[in-house]
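FYI, it's all coordinate maths here, none of it is from the lab. Predicted model only: the values in this text are computed from it and were never measured. With ideal geometry, Cβ positions are generated from the backbone for all residues, glycine too; neighbour counts draw on all protein chains shown.
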Amino acid sequence: MYAPPQPSRRQLQRSGDRGAAGFVRLLSTVRGAGPFLLAAVVLAGIGAVLSIAWVVDAAVVLAIAAVVTVLVRRRVHSDAASAHGQAGRRRRRCC
């Protein structure tokens, strides 16, 4: 009797890890840009209530700038940390 191969537990676990890692990354981005995102929401609400389009546009620009700033900082920080970690690994291997 032929039974199709079943995926290993390791493969199933990895797919769940990617989703969890993405969710954690999203939460940390929101946490880092939280005050600016909150200001953008308040500004957009005021602009919508008063029907002023340029205030809503300013809120959107503020929100995008906040998220981009957090992502760039994280990228620079992780690049610096990985370079420092590589130097430490090279030193440990040496002696």
In nm, to one decimal, how far is the residue 78 label point from the residue 36 one, both placed 7 Å along Cα→Cβ? 1.8 nm
Below 12 angstrom from the Cβ of residue 28, what's the summed charge of the other residues (Lys, Arg +1; Asp, Glu -1)? +4
Go through region 60-65 residue by residue and turn each phi into a ³J(HN,Hα) via Karplus (6.51, -1.76, 1.60, θ = phi - 60°); whole Hz please, and just put x for glycine and proline. 5, 4, 4, 5, 5, 5
